[in-house]
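The values are calculated or read from the model by the stated rules, or taken from the named source; none is laboratory data. Just so it is clear, the model here is predicted, and its values are computed rather than measured. Using ideal geometry, Cβ is built from the backbone for each residue, glycine included, and neighbour counts are taken over all protein chains shown.
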Amino acid sequence: MRASARISAWVRPDRRDAFRRLARSRALSDSRLLTLLIAHALQENELPLPIRPVERDLSRALSERITIRVTPGDAARILERARAREMRPATYLAALVHSHATAEAAVPVAEIAELKRAVAALTAAGRHLRQMADDAYHENETDSGMRRVLPALVEGVERVRRSVKDYIGANASSWGGAHE
């Protein structure tokens, strides 16, 4: 460990000259006067203990701001991918970090909306297929092959609908319900 350390500051030339004149009037060098001023300031404003960084409970924080540096090439790719998902780059990166940290897929809001539209379409298709299956069951005119296929088709559509809906719910809960 060094016995001394350097402190430097940028000041206007007229202030530097005035400080130099003050030091000379007391038969001191600029450096010695500055050292005395620092010692006096510390003595007059004594701190009880060294200041330690404030410990924060990050698990309780609603959000933390983190700054990262990326290469220009990575920045361009991030911007391109964010635009493709109709997201701001910071939101896109937050989704990636969330997905990585939780090991769950984080689906952007626009894609969730599209999946919800798909669920609605599958619900309507299932309703129409169920009606067709009921009609086919009650009418003897429908061939027996159609009567066998329709119930299986209705069940398949319902399975896909439930699966997509569960996926949307899992994504929403992985975000703590904030992106429902």
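Structural remarks
- Flag for E86 being acidic (D, E), modelled with pLDDT under 75, touching a helix residue (DSSP H, G or I) at 6+ places or on another chain (Cβ under 6 Å) and surrounded by 10 or more Cβ atoms within 10 Å (Cβ to Cβ): no
- Test: residue in segment 153-168 that is surrounded by fewer than 15 Cβ atoms within 10 Å (Cβ to Cβ), at pLDDT below 85 and either closer than 30 Å to R65 by Cβ or not polar (S, T, N, Q) (or both): no
- Condition check for I66: among the aliphatic types (A, V, I, L, M), surrounded by fewer than 15 Cβ atoms within 10 Å (Cβ to Cβ) and not assigned by TED's automatic domain parsing to the domain that holds S163: yes
- Being of a type in the set (S, T, Y) and either at pLDDT below 85 or in the same structural domain as L115 (by TED's automatic domain parsing) (or both) holds for only one residue in S25, S4, S29, and it is S4.
- For segment 90-138, the set of residues classified as small (G, A, S) and without any contact (Cβ under 8 Å) to a residue 12 or more places away in the chain consists of A90, A94, S99, A101, A103, A113, A120, A121, A124, listed by residue number.
- Residue within segment 25-36 that is at negative phi, exposed (fewer than 10 other Cβ atoms within 10 Å of the Cβ) and β-branched (V, I, T) present: no
- Scan of segment 93-117 for residues that are at pLDDT 85 or above and in contact with a helix residue (DSSP H, G or I) (Cβ under 6 Å, 6 or more places away or on another chain), ordered by number: L115
- Hey, L122 assigned to a helix (DSSP H, G or I) and either over 30 Å from V154 (Cα atoms) or in contact with a Gly (Cβ under 9 Å, 6 or more places away or on another chain) (or both) or not: no
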